[in-house]
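Can you read through this structure? Questions will come right after.
The values are calculated or read from the model by the stated rules, or taken from the named source; none is laboratory data. On a predicted model such as this, the values are computed, not experimentally measured, just so you know. Reconstructed Cβ throughout: ideal geometry from the backbone, glycine too, with neighbour counts over all protein chains shown.
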Amino acid sequence: MNKAEKETLLRRTAPSRQKQAQEYLQGRSPGTMQRYAPDAHADPEQGWVEDEDTVRRLVEMPTAAPDFRIFWDNAYCVHDLYDETDELANIFDLARAAGTEDRVVAFASTSKITFPGAGIGFIGASPAVIAEFSKRLKAGLISADKLNQLRHVRFLPTIEAVKEHMKKHAEFLRPRFEAVERKLTEGLGDTGCATWTHPRGGYFVSFDGPEGSAQKVAALCADLGVKLTPAGATWPYGKDPRDTNIRIAPSYPTVEDLEAALDVLVLAVKLVAAELARAERA
């Protein structure tokens, strides 16, 4: 990574993640960059849509192993909250042009489109890679759920049907995400003790409080009757090295219940932040 690329990375990184990004660039924290992996939806602070040049470099770069693979998990490719969508370059078109179509294995599922327990998972890859997957799956899979496949084919027969269905998702989710943005901005926007993402799609808001706060905030919220996604859930094994991150999942509650829960979260963050600041001054 050259100097210009490093500067771009740091410019795109949230203030609360600057130290981790610096450690990664200095070679001291090789796992950190999973926090900045290509994301299906742009965000000015934490995550962005990779431009076509970046996707092209992934498929054209020299690799040490001839069977090097890119696992392309674009889980929220149709989960837009607004009519204006963010476009991600088609990695398969670029791989075919580069002569590396065997390099890419894309994963997708309808579990976040229809029902979690009834989703159909599938992969996209070159004919050679699909043949290899099929060969190995035969030993472990007797038969797929053909009735469930039929239900999905009839319910979502075309890409237009998928888009129309996802518009209904957006109509349901958009007020909830806007409530999160409004409540966090009103309660914490001028405190300097928290940052969060502003997604235009997907199902989560990534929230960062002061270092050492996430576990305490989650516990305090639980004491007050609000159950959060476990602190550190976005990190491998749930171990957030700085204990800052909470993933807010606003899709389930009503807007009214969500707003009440966010009031509790804001209060808990303020109390824990004040406690940590007082301990630091002591």
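Grab the helices (runs of 4 or more DSSP H) fully contained in the range 81-179, keeping just those with 1 or more residues being closer than 27 Å to Val205 by Cα.
Result: 91-98.
Let's see how each residue does on (1) at pLDDT 95 or above; (2) in the same structural domain as Asn74 (by TED's automatic domain parsing); (3) surrounded by 12 or more Cβ atoms within 10 Å (Cβ to Cβ); (4) acidic (Asp, Glu):
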{"position": "Leu94", "(1), (2), (3), (4)": "yes, yes, yes, no"}
{"position": "Ala97", "(1), (2), (3), (4)": "yes, yes, yes, no"}
{"position": "Ile113", "(1), (2), (3), (4)": "no, yes, yes, no"}
{"position": "Arg136", "(1), (2), (3), (4)": "no, yes, no, no"}
{"position": "Leu147", "(1), (2), (3), (4)": "no, yes, no, no"}
{"position": "Glu160", "(1), (2), (3), (4)": "yes, no, no, yes"}
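Are any residues in the range 192-241 within 13 Å of Leu265 (Cα to Cα) and of a type outside the set (A, V, I, L, M, F, W, C), and if so, which ones?
Residues satisfying the conditions are Asp208, Gly209, Ser213, Gln215, Lys216, Asp223, Gly225, Lys227, Thr229.
Could you list, in sequence order, the residues of the range 83-139 that are basic (Lys, Arg) and more than 21 Å from Ser251 (Cα to Cα)?
Once the filter is applied, which keeps residues that are basic (Lys, Arg) and more than 21 Å from Ser251 (Cα to Cα), the range 83-139 yields Arg96, Arg103, Lys135, Arg136, Lys138.
Looking at the range 183-199, is at least one residue surrounded by 18 or more Cβ atoms within 10 Å (Cβ to Cβ), in contact with a His (Cβ under 8 Å, 6 or more places away or on another chain) and touching a residue at least 60 places away in the same chain (Cβ under 8 Å)?
Yes, because at least one residue in the range 183-199 is surrounded by 18 or more Cβ atoms within 10 Å (Cβ to Cβ), in contact with a His (Cβ under 8 Å, 6 or more places away or on another chain) and touching a residue at least 60 places away in the same chain (Cβ under 8 Å).
Shifting gears a bit: Could you list, in sequence order, the residues of the range 70-80 that are in a loop (DSSP other than H, G, I, E, B) and either in contact with a helix residue (DSSP H, G or I) (Cβ under 6 Å, 6 or more places away or on another chain) or outside the structural domain of Ser109 (by TED's automatic domain parsing) (or both)?
Answer for the range 70-80, where residues must be in a loop (DSSP other than H, G, I, E, B) and either in contact with a helix residue (DSSP H, G or I) (Cβ under 6 Å, 6 or more places away or on another chain) or outside the structural domain of Ser109 (by TED's automatic domain parsing) (or both): just Val78.
Could you say which residue among Gly232, Gly209, Gly202 is touching a Cys at 6+ places or on another chain (Cβ under 7 Å) and either crowded, with 17+ Cβ neighbours inside 10 Å or of a type in the set (S, T, N, Q) (or both)?
Gly209
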